[in-house]
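Here's the structure, in structure tokens; my notes come after.
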Amino acid sequence: MKKIVLFAFNGDPLCFVHVLLNALDLHQRSHTVRLVLEGTSVKLVPELVRPDHFLHPMWQKVREAGLVDGACRACSVKLGVLEAVEVQGLPLLADMSGHAGMAPYLEAGFEVVTF
């Protein structure tokens, strides 16, 4: 089985749906999966928790499976969603000049996939 980290940079919900689908599919196939929200994807955090949002059920499944490693601190601050990220209890990742770095995942043997 593989170790895969999905870095989501795109905040378009119609792109992000594929991140969630792949995270769940890979997890169900017994791969180790991690999801990192970077770039404009952090803006989705306050939307994904709304029960009426079409991605809410999938987001809940991904969260319940423990697949979300966290969100970029710098992008969360810059895009005004830091409080929403903190309320969700998502770890703030900032190991690369305030952003979520890929190096720790590569060093831990993960394959990096970007969206």
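Of the residues that make up the range 14-35, is at least one touching a helix residue (DSSP H, G or I) at 6+ places or on another chain (Cβ under 9 Å) and without any contact (Cβ under 8 Å) to a residue 12 or more places away in the chain?
The answer is no; no qualifying residue exists.
Please verify whether Ala84 is crowded, with 19+ Cβ neighbours inside 10 Å, small (Gly, Ala, Ser), under 18 Å from Phe115 (Cα atoms) and at pLDDT 95 or above, treating the condition exactly as stated.
The answer is no for Ala84.
Any residue in the range 49-76 that's more than 15 Å from Gly101 (Cα to Cα) and surrounded by 19 or more Cβ atoms within 10 Å (Cβ to Cβ): show its pairings with residues that are modelled with pLDDT of 95 or more and of a type in the set (Ser, Thr, Tyr) at Cβ separation under 6 Å, as long as the two are six or more apart or on different chains.
Listed pairs, sorted by first residue: none to list.
Just to be sure I understand, how many residues within the range 45-67 are of a type in the set (A, V, I, L, M), closer than 22 Å to Leu93 by Cα and touching a helix residue (DSSP H, G or I) at 6+ places or on another chain (Cβ under 6 Å)?
Summing the residues that are of a type in the set (A, V, I, L, M), closer than 22 Å to Leu93 by Cα and touching a helix residue (DSSP H, G or I) at 6+ places or on another chain (Cβ under 6 Å) in the range 45-67 gives 5.
Please determine, by comparing only the residues of the range 1-42 that are more than 18 Å from Tyr105 (Cα to Cα) and among the hydrophobic types (A, V, I, L, M, F, W, C), which one is farthest from the chain's Cα centre (by Cα).
Out of the qualifying residues, it is Leu14.
Yes or no: the range 19-37 includes at least one residue that is among the hydroxyl-bearing types (Ser, Thr, Tyr), at pLDDT 95 or above and touching a Cys at 6+ places or on another chain (Cβ under 9 Å).
For the range 19-37, residues among the hydroxyl-bearing types (Ser, Thr, Tyr), at pLDDT 95 or above and touching a Cys at 6+ places or on another chain (Cβ under 9 Å): absent.
So, in the range 1-57, how many residues would count as being of a type in the set (S, T, N, Q) and in contact with a strand residue (DSSP E or B) (Cβ under 8 Å, 6 or more places away or on another chain)?
3
For the range 29-115, which strands (runs of 3 or more DSSP E) that fit wholly inside it have 1 or more residues that are closer than 18 Å to Phe9 by Cα and of a type in the set (S, T, N, Q)?
Details: elements: 32-37, 68-72, 111-114.
Those strands (runs of 3 or more DSSP E) span 111-114.
With the condition kept exactly as written, say whether any residue in the range 89-97 is without any contact (Cβ under 8 Å) to a residue 12 or more places away in the chain, surrounded by 15 or more Cβ atoms within 10 Å (Cβ to Cβ) and out of contact with any Pro (no Cβ under 7 Å at 6 or more places or on another chain).
No, every residue in the range 89-97 fails to be without any contact (Cβ under 8 Å) to a residue 12 or more places away in the chain, surrounded by 15 or more Cβ atoms within 10 Å (Cβ to Cβ) and out of contact with any Pro (no Cβ under 7 Å at 6 or more places or on another chain).
Kindly evaluate Gly11 against the criterion of being modelled with pLDDT of 95 or more and touching a Ser or Thr at 6+ places or on another chain (Cβ under 6 Å).
On the way: modelled with pLDDT of 95 or more: yes; touching a Ser or Thr at 6+ places or on another chain (Cβ under 6 Å): yes.
When the stated conditions are applied, Gly11 passes them.
How many of the residues in the range 77-88 are in contact with a helix residue (DSSP H, G or I) (Cβ under 6 Å, 6 or more places away or on another chain) and free of Cβ contacts under 8 Å to residues at least 40 places away in the same chain?
Result for the range 77-88: 4.
The values are calculated or read from the model by the stated rules, or taken from the named source; none is laboratory data. Quick caveat, the model's predicted, so the values are computed rather than measured. Don't worry about glycine lacking a Cβ; one is built from the backbone with ideal geometry, like all the others, and counts go over all protein chains shown.
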